[in-house]
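Participant: Pasting a structure here, questions to come.
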Amino acid sequence: MNWVNAVIQGMLLGGQYALIACGLSLTFGVMRIVNLAHGDLAVCGAYLGLVLSSALGVPVWVTLPLLLPAAFGAGMALQLLLLRRALRHGVLAPVLVTFGLSIMIENLLQVAATADPRGLNGGALALASFHLGSGITVSWLFLTAFLTACAVLSGLQLLLSRTSWGRKVRATADDLDTARLVGIRVRPVFATVAGIAVATAALAGIFIGTIGTFDPLTGTDVLIFAFEAVVIGGIGSLWGTLAGGVALGVTQVVVGEVNQAYAVLAVNLLFLAVLTVRPGGLFTSRQAVREIQGQGAAG
Amino acid sequence: MSGPGAILEVSGLDVFYGDFQALFGVSLSVSRGCATALVGANGAGKTTLLRTIAGAQPAAAGSVRYDGADVTAAPPYRRISRGIALVPEGRRLFPSLTVEENIQVGAAAAASAGWPLERIYDAFPMIARRRRQRASTLSGGEQQAVAIARALAAGPSLLLLDEISLGLAPVVVEGLYETLSGLRSAGATLVIVEQDLRRAMDACDNVVCLLEGRVALAAAAADVTSDQVVAAYFGEGQL
């Protein structure tokens, strides 16, 4: 029964990867920004959760009503003050800016919080688990992370497909120049997308800090997994991102069952294999790939 | 052609793409309720002029006045809410959005008098049937109709149309121009970029010909022969 257990644990782990990755996917899909500081922003969320929950003396979940709006605001500020200016100088400038931001965040965190690994106070939820048949134990915390990821992705999908805000976001992602031309105010669209991306990253950071430990350099590892989930799932497809995260998680846990030393290597090999065989990602339709390539050729 | 009835007055417009100058001191006046044909060879600056009037391209010098107000520095969404809408060259629909969503996006910055969906579907019955389809699955003529509908959703008083007949079958083009004449009777002001000179002169009151970024001819359509326009088109008879 070890294999069934490994697959279940892997799927639950994949939910966490998807939760981190959805903001990255959104940022790239709408603004064409590859945010190399995304993982570090998630870690910042974890540190903010640590500060708030120790100051108030409550489990970190209680601080979410403060933390998530703060992260949303930080994301908007990041877009309006920094990335918006970088975007004027072509596609490479935002990559360099977010790379620099990543290094700054990591070093500032080391100065402010030392390099000691930290954990978050997850309250009773962090220790609870239930049995699912023989030999399979599911942690409530892992299940909560997975269900939260599903809820966040469904919520985003609904916002994008059903609201006038979502319509503007999709139109802007399709064709920025024409979006401006038909009267969409692109600045607030970009700012809210960045706000949501950073808020979801911070939420993912809270789960990272409750499930394991984090230090100022954790963001780089987080970024790699998030990035791989986005690419495997197919850029711009939110459900693909969940599937990508699950593929990564299952690979990691199942291979880890055989030999822990090869777990992360297997994940990276899976990523390489998908890039080689289906560079557009597993869940991108052929038409979407053609459209992306067509836009590239036209632009 | 300037006068108190002018809804749009462009004067001394210079527009650059980087170091390349596309328009040189272009002036143009469009009277309320009139249709103006904007003609000229490829690269003469027709699309640039329309984009500058719509606010998609900044002007290095000169001014754009609309309905008595200077809108030279206004972003596109402000011009749209004042009543200027552009149907861009190549239709430029949002491919992943449905037909209806494309039209709804056009209403994002609409003036209070934006066209409701029912009125748009009455005017374009062929796209009403396809409202739930992705815009990228439509035929060229249907896509062009959606592009015009998207502009109408903003309730424009001045409609700028860039090469709406390009690549379409003559019977489809006929239908589109019938729709335009319906818009004119409803009081809209039109500026039409059109390759087909005869169609342009038949459909419009005035004709403006651009040559290498400058106005080579501006006259009432009834006052000029197509030979005179062709001469301006190719720059013959100058100097």
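Participant: Assess whether A:GLY135 counts as being touching a Ser or Thr at 6+ places or on another chain (Cβ under 6 Å) and among the small types (Gly, Ala, Ser).
Facilitator: Answer is no for this residue.
Participant: If I ask for residues that are part of a helix (DSSP H, G or I) and of a type in the set (D, E, K, R), which ones from region A:116-165 would you list?
Facilitator: Of everything in region A:116-165, just one residue is part of a helix (DSSP H, G or I) and of a type in the set (D, E, K, R), namely A:ARG162.
Participant: Which condition number does B:GLY40 fail, the rest of (1) within 24 Å of B:SER157 (Cβ to Cβ); (2) surrounded by 23 or more Cβ atoms within 10 Å (Cβ to Cβ) being met?
Facilitator: Condition (1) is where B:GLY40 drops out.
Participant: Among the listed residues B:ILE84, B:ILE80, identify the single one that is within 11 Å of another protein chain (Cβ to nearest Cβ), buried (at least 23 other Cβ atoms within 10 Å of the Cβ) and touching a Phe, Trp or Tyr at 6+ places or on another chain (Cβ under 9 Å).
Facilitator: So the residue among B:ILE84, B:ILE80 that is within 11 Å of another protein chain (Cβ to nearest Cβ), buried (at least 23 other Cβ atoms within 10 Å of the Cβ) and touching a Phe, Trp or Tyr at 6+ places or on another chain (Cβ under 9 Å) is B:ILE84.
Participant: For the list (1) out of contact with any helix residue (DSSP H, G or I) (no Cβ under 7 Å at 6 or more places or on another chain); (2) within 14 Å of chain A (Cβ to nearest Cβ), I need the number of the one condition that B:ALA73 fails.
Facilitator: The failed condition is (2).
Participant: Could you tell me how many of the residues in region A:122-156 are buried (at least 17 other Cβ atoms within 10 Å of the Cβ) and on the phi > 0 side of the Ramachandran plot?
Facilitator: Number of matching residues: 0.
Participant: Continuing with this model, one more query. Could you identify the single residue in A:ALA247, A:ALA261, A:ALA266, A:ALA297 that is modelled with pLDDT under 90, in a helix (DSSP H, G or I) and over 19 Å from A:ALA171 (Cα atoms)?
Facilitator: A:ALA297
Participant: Right, next: Among the residues of region B:1-37 satisfying the criterion of being hydrophobic (A, V, I, L, M, F, W, C) and surrounded by fewer than 18 Cβ atoms within 10 Å (Cβ to Cβ), which is nearest to B:ASP67 (Cα to Cα)?
Facilitator: Ranking the candidates gives B:MET1 first.
Participant: Checking the structure you have, find out if any residue of region B:136-148 is among the hydrophobic types (A, V, I, L, M, F, W, C), under 26 Å from B:SER81 (Cβ atoms) and in contact with a Phe, Trp or Tyr (Cβ under 7 Å, 6 or more places away or on another chain).
Facilitator: Yes, there is a match, as at least one residue in region B:136-148 is among the hydrophobic types (A, V, I, L, M, F, W, C), under 26 Å from B:SER81 (Cβ atoms) and in contact with a Phe, Trp or Tyr (Cβ under 7 Å, 6 or more places away or on another chain).
Participant: Just to confirm my filter: which helices (runs of 4 or more DSSP H) fall fully inside region B:137-239 and include at least 1 residues that are basic (Lys, Arg) and farther than 25 Å from B:ARG119 by Cα?
Facilitator: Fully inside region B:137-239 and qualifying: B:197-203.
Participant: Taking only pairs six or more apart or across chains, which ones have beta-carbon atoms under 9 Å, a first residue in region B:139-156 that is within 11 Å of another protein chain (Cβ to nearest Cβ), and a second residue that is part of a helix (DSSP H, G or I) and surrounded by fewer than 22 Cβ atoms within 10 Å (Cβ to Cβ)?
Facilitator: As it stands, the answer is B:ARG150/B:GLN104; B:ALA153/B:GLN104; B:ALA153/B:LEU117; B:ALA154/B:SER81, since those pairs meet every condition given.
Participant: To continue, here is another question. Looking at (1) away from chain A (no Cβ under 14 Å); (2) crowded, with 24+ Cβ neighbours inside 10 Å; (3) aliphatic (A, V, I, L, M), can you tell me which one B:ALA54 breaks?
Facilitator: Of everything listed in (1) away from chain A (no Cβ under 14 Å); (2) crowded, with 24+ Cβ neighbours inside 10 Å; (3) aliphatic (A, V, I, L, M), B:ALA54 misses just condition (1).
Participant: Under 6 Å between Cβ atoms, at least 6 apart or on separate chains: pull out the pairs that start in region A:168-186 with a residue that is more than 7 Å from chain B (Cβ to nearest Cβ) and end on any residue that is in a helix (DSSP H, G or I) and basic (Lys, Arg).
Facilitator: Here the result reads A:VAL186/A:ARG180, each pair linking region A:168-186 to a residue that is in a helix (DSSP H, G or I) and basic (Lys, Arg).
Participant: Could you please find all residues in region B:183-213 being out of contact with any Leu (no Cβ under 6 Å at 6 or more places or on another chain) and over 21 Å from B:THR225 (Cβ atoms)?
Facilitator: B:LEU183, B:ARG184, B:SER185, B:ALA186, B:GLY187, B:GLU212
Participant: Would you be able to say whether some residue in region A:38-45 is assigned to a helix (DSSP H, G or I) and either of a type in the set (Ser, Thr, Tyr) or more than 19 Å from A:PHE207 (Cβ to Cβ) (or both)?
Facilitator: Looking through region A:38-45, none of the residues is assigned to a helix (DSSP H, G or I) and either of a type in the set (Ser, Thr, Tyr) or more than 19 Å from A:PHE207 (Cβ to Cβ) (or both).
Participant: Another one. Residues that are in contact (Cβ under 8 Å) with a residue 40 or more places away in the chain, buried (at least 24 other Cβ atoms within 10 Å of the Cβ) and outside any helix (DSSP H, G or I): does region A:20-34 have at least one?
Facilitator: Yes, that holds for at least one residue.
Participant: Turning to a different aspect of this structure: If you scan region B:94-109, which residues turn out to be surrounded by fewer than 21 Cβ atoms within 10 Å (Cβ to Cβ) and farther than 18 Å from B:ILE127 by Cβ?
Facilitator: Answer for region B:94-109, where residues must be surrounded by fewer than 21 Cβ atoms within 10 Å (Cβ to Cβ) and farther than 18 Å from B:ILE127 by Cβ: there is none.
The values are calculated or read from the model by the stated rules, or taken from the named source; none is laboratory data. Because the structure is predicted, anything quoted here is derived from the model rather than measured. No Cβ is skipped: glycine too gets one built from the backbone with ideal geometry, and neighbour counts run over all protein chains shown.
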